[in-house]
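Below: the structure, in structure tokens.
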Amino acid sequence: MNLGYLRFRMLVLRALVVACLVAVVMRLWSLQVVSSQEYVQAADHNRFRIITTSAPRGVIYDRQGRLLVRNVPRFTVSVVPGDLPDEEQQREAVLQRLSYLLGIPLRNAEGEGLADILDAHTTGPLATGRYVPVVLAKEVEREAAFIIQEESLTLPGVSVSVDPVREYLMSQLMAHIVGYMGRIGQSDLEARLDQGYEASDSIGMSGIERSMENELAGQKGQKHVEVDIDGREVQVIASEPPVPGNSVILTIDTEFQQQVEAAVARGMARAHSDTGVAIAMDPRTGEILAMVSLPGFDNNLFAAGISYEDLASLSNDPRHPLVNHAIGGQYPPGSIFKIIPACGALQEGVITPSTRLDCQGTMLVPNKFFPDDMSQAQRFYCWSRWGHGSINVQTAISESCDIFFYKATGGYEDFRGLGIDRLGTYAAMFGIGEPTGIELTGEVAGLLPSEQWKRLTYSESWFTGDTYNAAIGQGYVLATPLQMLNATAAIANGGTLYRPQVVYDVVDIDGNVVEPFTPEVIRQLEVNPEYIELVRRGMRGTVTDGTAYRLKMPEVAVAGKTGTAEYTEIDANGNVVMDKWGYLPTHAWFTAFAPYDNPEIALVVFLRGGGEGSQYAVPVAEEILRSYFGLPFRQ
């Protein structure tokens, strides 16, 4: 080997050594200078964590301070994806072990397996990051939670926490009012991201749990912690404690609520009704004293996540137990609606307190296209086929005369009535056709028909007969029991329409009132107080001498109005359901207030398909009033 070749090889070797040294130096420069901050941040990100701590949710009490909803502990298993083993086989082993202990498949068609949950939180639009804890399971069995804790060294990234879950202590009785909670949905999550809500959170879904979510939820806290290589907490560097949610005190006394529920259940049994409602209100303030809608449901089924079978059973029940029929059911109100055209006709000068209209039990209305052909005339009936004779408005209310209100509202021959447009104005004034604004979810508006509405809905003209039907709360008129109660309360108190409220106070964790109850006036009725008093006297006469004479109570002076509303129902074969006498079935209604001279309670009773209001709704009201005033029941 010649000397020149050796020198060449030495030069190449030196060049390679120098190149390697330069590469090492450049890499060190890159790591220690250029990218140093990036790697420091990455190391700190692995070492330090910001952990969100849930705020204790506020509880709910009744008017007397009885606890209705409380928080009970539950075990929750979470995992930090970034702390799982990097090696695929080891990672799979951890998930398989969790799958066995939790009884949850690794993957399934519904995307609810452990791996599916992890994927949803580490990829896609809702990705929260590799070092944000992901909840895998709530309501974990105590034994399984302890085993996971014991095996923490072999389950890196997995943690067990104790979180609260709602327990409803008077579930069936208060379910429609209190509501329930559930896993936060996509729309709620997007709307509340700035409030700190996360995909694993629960949120109020109905009732007070929903409407008072902001007050009950509180504010989450944070912990800045240092963790070891397996993701286990080493020390707390800093923390911001959560702010507990406020608690809610309701206007409802659950003892009275139980009495009302029992009265409604008995009334439903007597009338063979499948749905019953009773609501009691203080007409001086709008406070709801009791609100019962039967059938009800157990809201504890939703507390821990309702099963598919239970949800299907409730959803498919033809009685719709999940619906609060007090605010979410709209029905023809029948004759309890007559207090509204009475006020309207008096205020508009259509009638006076002394105006007398004749009722012979039936009336013929000529066909507008064939006015001279009485064979084409339409016959309208009063509920009393014998008629009421010549009567004024006060007696018409007491006796619930249909023909008086047909004529006063729709007119007859040369007598010009109130008309559908002005009737609609006064019905809206009383709150029909709009939600009352009560702090509960699921309230509907009802329906106030008009000529334009009928043309747009049915492509038909409006007829005088439509006005007659509307005058007695039939035809196209629909209202909720709460709307009719609110209208009655406005008559009882002399003309003030209050917003019904079920929240009495909001208090903080120390019991300090942060949001006190304040009556809220929707509007003052634009009706002469003299006319309101006349309607009140008519309602008093309903009890003393009229259709609700069964409610005559010597201990308390009660005023009321009965209602029996026909409705159309189609059976499974597509046929219109008729009763045994060949008539359409009827809802039973009754609304009342007491004491007459200084009302402190107003109420409404509704029995779906319950028959005559005077026969079936009135006894329910009597039970409720006797319970409220502490009077003995009739034997």
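The values are calculated or read from the model by the stated rules, or taken from the named source; none is laboratory data. Here the structure is a predicted model, which means the values were calculated and not measured. Cβ coordinates were reconstructed from backbone atoms using ideal geometry, including for glycine residues, and neighbour counts include every protein chain displayed.
Here are some notes:
- Residue 522 touching a Lys or Arg at 6+ places or on another chain (Cβ under 9 Å) and hydrophobic (A, V, I, L, M, F, W, C): yes
- Evaluation of residue 284 against (1) in a loop (DSSP other than H, G, I, E, B); (2) modelled with pLDDT of 95 or more; (3) buried (at least 21 other Cβ atoms within 10 Å of the Cβ) (one fails), failing number: (3)
- Search result, residues across region 469-499 that are of a type outside the set (Gly, Ala, Ser), in contact with a Lys or Arg (Cβ under 9 Å, 6 or more places away or on another chain) and part of a helix (DSSP H, G or I): 486, 488, 491
- Once region 287-341 is narrowed to residues that are in contact with a His (Cβ under 8 Å, 6 or more places away or on another chain) and of a type in the set (S, T, N, Q), the residue that is farthest from residue 420 (Cα to Cα) is 293.
- The residues of region 466-484 that are of a type in the set (A, V, I, L, M, F, W, C) and within 13 Å of residue 340 (Cβ to Cβ), listed by number, are 470, 471, 472, 477, 479, 484.
- Number of the exception - residue 166 against (1) basic (Lys, Arg); (2) within 24 Å of residue 77 (Cβ to Cβ); (3) surrounded by fewer than 19 Cβ atoms within 10 Å (Cβ to Cβ): (3)
- Test result for residue 310, of a type in the set (Asp, Glu) and at pLDDT 95 or above: no
- Residue count for region 437-485, restricted to those that are within 30 Å of residue 364 (Cα to Cα) and out of contact with any Ser or Thr (no Cβ under 8 Å at 6 or more places or on another chain): 23
For every residue, the table says whether it meets (1) outside the structural domain of residue 333 (by TED's automatic domain parsing); (2) farther than 25 Å from residue 257 by Cβ; (3) of a type in the set (Val, Ile, Thr); (4) buried (at least 23 other Cβ atoms within 10 Å of the Cβ).
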site: 507; (1), (2), (3), (4): no, no, yes, no
site: 511; (1), (2), (3), (4): no, no, no, no
site: 559; (1), (2), (3), (4): no, no, no, yes
site: 574; (1), (2), (3), (4): no, yes, no, no
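- Residues within region 420-461 that are in contact (Cβ under 8 Å) with a residue 40 or more places away in the chain, surrounded by fewer than 19 Cβ atoms within 10 Å (Cβ to Cβ) and over 29 Å from the mean Cα position of the chain (by Cα), tallied: 1
- Residue pairs whose Cβ atoms lie under 7 Å apart, separated by 6 or more positions or on different chains, with the first residue in region 261-279 and in a helix (DSSP H, G or I) and the second buried (at least 21 other Cβ atoms within 10 Å of the Cβ) and modelled with pLDDT under 95, are 271/610.
- Condition broken by residue 268, with the remaining ones in (1) under 19 Å from the mean Cα position of the chain (by Cα); (2) modelled with pLDDT of 95 or more satisfied: (1)
- If you go through region 510-530 and keep only what is more than 30 Å from residue 349 (Cα to Cα) and in contact with a strand residue (DSSP E or B) (Cβ under 7 Å, 6 or more places away or on another chain), you end up with 513, 514, 515, 516, 517, 519, 520.
- Residues in region 158-174 that are within 12 Å of residue 60 (Cα to Cα) and either in the same structural domain as residue 328 (by TED's automatic domain parsing) or of a type in the set (A, V, I, L, M) (or both): 169, 170, 174.
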